[in-house]
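Report on one structure; see the data block that follows.
The values are calculated or read from the model by the stated rules, or taken from the named source; none is laboratory data. Every value quoted in this text rests on a predicted model; they were computed, and no experiment measured them. Virtual Cβ from ideal backbone geometry, glycine too; neighbours counted across all protein chains shown. In case anyone asks, the SASA skips ligands and DNA or RNA and just uses the protein heavy atoms, side chains included. Shrake-Rupley method; radii C 1.70, N 1.55, O 1.52, S 1.80 Å.
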Amino acid sequence: MSGDLVVDDLSVHYGGVRAVDSVGFSVGAGRRVGIIGANGAGKTSTLKALMGLVPRSVGGLRLGSVDLTKVKPKDVVRHGIGYVPEGRHVFAGLTVEKNLLLGAYLRSWKGKTQQTLREVYDMFPVLGDMRHRLAGALSGGQQQMLAIGRALMSEPRLVLLDEPSMGLSPRLVEEVLSILQRLSEAGLGLLLVEQNAKLTFEATERCLVMENGRVVMAGESAQLSRDPLVRQVYLGL
Ligand code: ATP
């Protein structure tokens, strides 16, 4: 299965607050797109709206041939979108393996679950080593890997990642970067939301800049990273 994510005229309001304002973009199948922006720019709300987790108005929302506006929030994962929420939200009192298996609960073909589990352990050997440990005992970086591994258990075509670098040391940020590269090499599409613009420019091919709920700039990541305004505001250079 393959397919582009195409988002047209997406808005999110929380009461009187307009968190996302008529945003449109696409993520080609297997491509890497980033969204950067300051605190409160509307990045998280955009991802939540794609997953159907917050009330939204949208002109069009498709993944390949699937019209996601007609899909219930609980079924979005089944249609090939994995979600790694901000703050990881692993189940601290469950083992690493139980956390991963929870990511597979929507799969219709349960027989392949063990194979996917092995693939996740191949990608993140540390999770395999710690499979019987409680998730709460993992370090921040390991929990981030677990959250990503859990999203992979549903065999997504596209993964939405919300601030995977948050709270991680520079060394672990490098590790996240290499994880994103491996996911991309495995053919997954990525939509990466970050306050860390440097990481985002390195990890993605195209990038959107959000301010006050709107997309104010968009283009190739390499090109945006050379833009004087972007360098000043988002890279602090
Ligand atoms: P952050 O990096 O802090 O997560 P963000 O770019 O992801 O920021 P959002 O979390 O989407 O931004 O927030 C966008 C706007 O919507 C902000 O003004 C925020 O205060 C507001 N907002 C977010 N969630 C809610 C909510 N549940 N109820 C009311 N307002 C909200």
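Of the residues in the range 169-191, not one is among the charged types (D, E, K, R), surrounded by fewer than 18 Cβ atoms within 10 Å (Cβ to Cβ) and touching a strand residue (DSSP E or B) at 6+ places or on another chain (Cβ under 8 Å). Residues of the range 50-85 that are in a strand (DSSP E or B) and within 16 Å of the ligand (Cβ to nearest atom): SER57, VAL58, TYR83, VAL84. Just one of the listed residues (GLY141, GLY128, GLY136, GLY111) is in contact (Cβ under 8 Å) with a residue 12 or more places away in the chain and more than 20 Å from the chain's Cα centre (by Cα), namely GLY136.
Checking ALA92 against (1) under 30 Å from GLY236 (Cβ atoms); (2) touching a strand residue (DSSP E or B) at 6+ places or on another chain (Cβ under 8 Å); (3) of a type in the set (A, V, I, L, M), which single condition isn't satisfied? Just one mismatch for ALA92, condition (1).
If the condition is being hydrophobic (A, V, I, L, M, F, W, C), open to solvent by less than 30 Å² (accessible area, probe 1.4 Å) and modelled with pLDDT under 95, then the range 88-105 contributes VAL90, ALA104.
Summed over the range 151-168, residues that are out of contact with any strand residue (DSSP E or B) (no Cβ under 7 Å at 6 or more places or on another chain) and closer than 19 Å to LEU5 by Cα total 1. Which pairs turn up if I take residues in the range 177-198 that are at pLDDT 95 or above and look for partners that are within 16 Å of the ligand (Cβ to nearest atom) and of a type in the set (Asp, Glu) with beta carbon separation below 6 Å, at least 6 apart in sequence or on another chain? If the second residue must be within 16 Å of the ligand (Cβ to nearest atom) and of a type in the set (Asp, Glu), the pairs left are VAL193/ASP162. Within the range 6-32, the set of residues being at negative phi, open to solvent by 70 Å² or more (accessible area, probe 1.4 Å) and of a type outside the set (D, E, K, R) comprises HIS13, TYR14, GLY16, VAL17.
For (1) in contact with a Cys (Cβ under 9 Å, 6 or more places away or on another chain); (2) closer than 22 Å to LEU50 by Cα, each residue gets a yes or a no:
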| site | (1), (2) |
| --- | --- |
| GLY167 | no, no |
| PRO170 | no, no |
| GLU174 | no, no |
| ARG182 | no, no |
| VAL193 | no, yes |
| ALA197 | yes, yes |
| THR200 | yes, yes |
| VAL209 | no, yes |
| MET217 | yes, yes |
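For the range 152-168, a residue qualifies if it is of a type outside the set (Ser, Thr, Tyr) and within 16 Å of the ligand (Cβ to nearest atom), and the qualifying residues are LEU160, LEU161, ASP162, GLU163, PRO164, MET166, GLY167, LEU168.
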